[in-house]
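Contents: one structure, followed by commentary.
The values are calculated or read from the model by the stated rules, or taken from the named source; none is laboratory data. The shown structure was predicted, so the numbers you read here are calculated from the model rather than taken from an experiment. Positions of Cβ are backbone-derived with ideal geometry, glycine not excepted, and every protein chain shown enters the neighbour counts. Side chains are part of the model used for accessible areas, which takes the heavy atoms of the whole protein and leaves out ligands, DNA and RNA. Shrake-Rupley method; radii C 1.70, N 1.55, O 1.52, S 1.80 Å.
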Amino acid sequence: MAAGATRGGGVTTDTYKEARTWLLMPAWLVLLVLSLAPVSMILIYSFLTKEFRGGVIWDFSLAAYDQFFFDRGLFGDEAPSIEWTYITIFWRSIWQAGAATLLSLIIGFPTAYFIATRPEKVRPIWVFLVTIPYWVNLLIRTVSMKFLLRDQGPLNDFLMSTGLIDSPIHIVNTNFAVQLGLFYSYLPFMVLPIYASVERYNFSLSEAAADLYATKWVALRRILLPAIKPGVIAGCILVFVPSLGSFLAPDLLGGAKNFMIGSLIEEQFKGNAGNWPFGAAASMILLTMVLIILLIFARQQAKAEKREG
Amino acid sequence: MAKSKYDIKSYRGFGAMTLLCLVVLYAPLIVVTIYSFNASKSITVWEGLSLRWYVDVFSGPESAKFKLAAWNSFVIAIVASTISTAIATLAATAIVRGGKFRLRTVSVGLISLPLMVPEIVTAVATLIFFNYIGIERGLLTILLAHIAFCIPFAYLPIAARMQGIEDSYEQAAMDLYATKRQVFTRILLPLMAPGIISGYLLSFIVSLDDFIITNFVKGAGIETLPTAIFGAVKQGIKPNIMAISTMLLAVSVVMVTISYFVSKTDNTK
């Protein structure tokens, strides 16, 4: 019965075949009740009627989605036109998350490559160094970023003492501050998957290219990059997706002008002023976007795996 | 200049970018740590080293609030990570040692669900759910929410570990008439210990650090450390907040470091 089916370097056997239902039961119970059921309930709540002091009335209504997409005037009796407020907030979130992803890629790619080309023994230490900050409380990291970037903060002090600038640069409460905060929050997610794919890359391919008179940068662009593309895409998604729905960076570093989806949703559930169905609808739209991205990604990865055989 | 064989691997500037990456990652944390030891009442002026703000955290005017928040945070983190690690260990055994079965992929998907859904959506979902079933928001709701989203963080290192253990040990034990239960408790569990400890520590940190979900499901007046810090920071960054942050930061770094070294130990030889 030793079905030591070894695949992908992992040992999986069927020793506990008879018990597996019982072993999985607690995980299934907890996750069905506390994770899948709640997420499904958002869909239901997004079609309910809002109660004015927070909460919902159980009457079917499309009001939440209507409010999201259409403007019917102050009294709701005008011909509907497109409501841009919330679409703009979503668009800004996509843009900010995209900028943060690009920043992470610019810094993260060389870092991942550098680490993957170190001697095998020291690589784990480098990886560990890059991951430590991820495990530090996101709130504390964001507050630290704000402290550092403040007008009277250490960064501006330092730049002024070197004489590079005469007056402090205003970074906090700008779009750029939010991008920096998001970039800082999720940078390790960019480095790790790229690192993993560069480490698996067969460098004799690059050497072959060099033997055929390719310059280093041509070898990088034409040989290495296509080979490690799945890792790069994975890194981009791992930064983009959490950035899209993030709350802390835009809230603490962005100020009111730089509102993102996370803050829009949070506001709907705060105190009595909120609108639960609307918050649920915004959450559904965000979730749909994320699931579409993940689905496209999964299909691409499956295709890439097939190609490799 | 002639290209050496190894030259193709190194690109000019990549080392500098790596350095920049580490500076970006660590500078904010180091700066806050340094300023938490500032003697000044102002966060801008440096007046020399002092433990004043650490004393303030433990015995200052706000100490009662922070002590209660810290107590809540640690109790929830200990209970949530214990339960989710136990659940994850059983689930990993079923998935890695339970052969092929139809619900295997679905189970893995369900376990990683909390990682795929944006945190704010999980927060909304959990709030709506508790509201629907009518549990009053408080410590219990925070705990339940934490158990659910800590499971994947505990599961990943445990499953990875179990995949790395040859099943010859288990086979040998069974050849010597050990029951499957004995094989599990006497062979598999000890071999998995590094993965389990590492999963426990990671889920502990994840619970201790969570702000967004906690903020949604906590009742009025109930605070954990992150929500208390967030509330305080809204009034402006104060030196005592930096002292608390530095301590919390130290806890995380110590636990991740332990987890790293534990997961690297090889006790299968």
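Results, tabulated for the structure shown:
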| quantity | calculated |
| --- | --- |
| For B:A145: the one exception among (1) more than 10 Å from chain A (Cβ to nearest Cβ); (2) at pLDDT 90 or above; (3) open to solvent by less than 30 Å² (accessible area, probe 1.4 Å) | (1) |
| Subset tally (residues that are within 7 Å of chain B (Cβ to nearest Cβ), among the small types (G, A, S) and farther than 22 Å from B:L156 by Cβ) for segment A:10-69 | 2 |
| Inter-residue pairs, beta-carbon under 6 Å, first more than 8 Å from chain B (Cβ to nearest Cβ) and over 19 Å from B:V23 (Cα atoms) and in segment A:108-122, second part of a loop (DSSP other than H, G, I, E, B) and open to solvent by 70 Å² or more (accessible area, probe 1.4 Å), 6+ apart | none |
| Any hit, segment A:223-234, residues being modelled with pLDDT under 90 and within 11 Å of chain B (Cβ to nearest Cβ) | yes |
| Residue that is farther than 30 Å from A:N272 by Cα and basic (K, R), where the choices are B:K264, B:K238, B:K218 | B:K264 |
| Single residue of A:S243, A:S263 found to be under 13 Å from the mean Cα position of the chain (by Cα), more than 8 Å from chain B (Cβ to nearest Cβ) and open to solvent by less than 20 Å² (accessible area, probe 1.4 Å) | A:S243 |
| Failed condition for B:G98, given (1) in contact (Cβ under 8 Å) with a residue 12 or more places away in the chain; (2) closer than 24 Å to B:S198 by Cα; (3) open to solvent by less than 10 Å² (accessible area, probe 1.4 Å) | (1) |
| Wholly enclosed helices (runs of 4 or more DSSP H) of segment B:162-237 bearing at least 1 residues facing another protein chain (nearest Cβ under 8 Å) and within 24 Å of A:V143 (Cβ to Cβ) | B:189-209, B:212-217, B:225-233 |
| Residue match in segment B:38-58 (condition: of a type in the set (S, T, N, Q) and more than 14 Å from chain A (Cβ to nearest Cβ)) | yes |
| Subset of segment B:104-132 [free of Cβ contacts under 8 Å to residues at least 12 places away in the same chain and more than 7 Å from every other protein chain (Cβ to nearest Cβ)] | B:R104, B:T105, B:V106, B:G109 |
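Quick grid of which residues meet (1) out of contact with any strand residue (DSSP E or B) (no Cβ under 9 Å at 6 or more places or on another chain); (2) hydroxyl-bearing (S, T, Y); (3) farther than 30 Å from A:A27 by Cα:
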{"residue": "A:M41", "(1), (2), (3)": "yes, no, no"}
{"residue": "A:F52", "(1), (2), (3)": "yes, no, yes"}
{"residue": "A:G55", "(1), (2), (3)": "yes, no, no"}
{"residue": "A:F60", "(1), (2), (3)": "no, no, yes"}
{"residue": "A:F68", "(1), (2), (3)": "yes, no, yes"}
{"residue": "A:G76", "(1), (2), (3)": "yes, no, yes"}
{"residue": "A:P80", "(1), (2), (3)": "no, no, yes"}
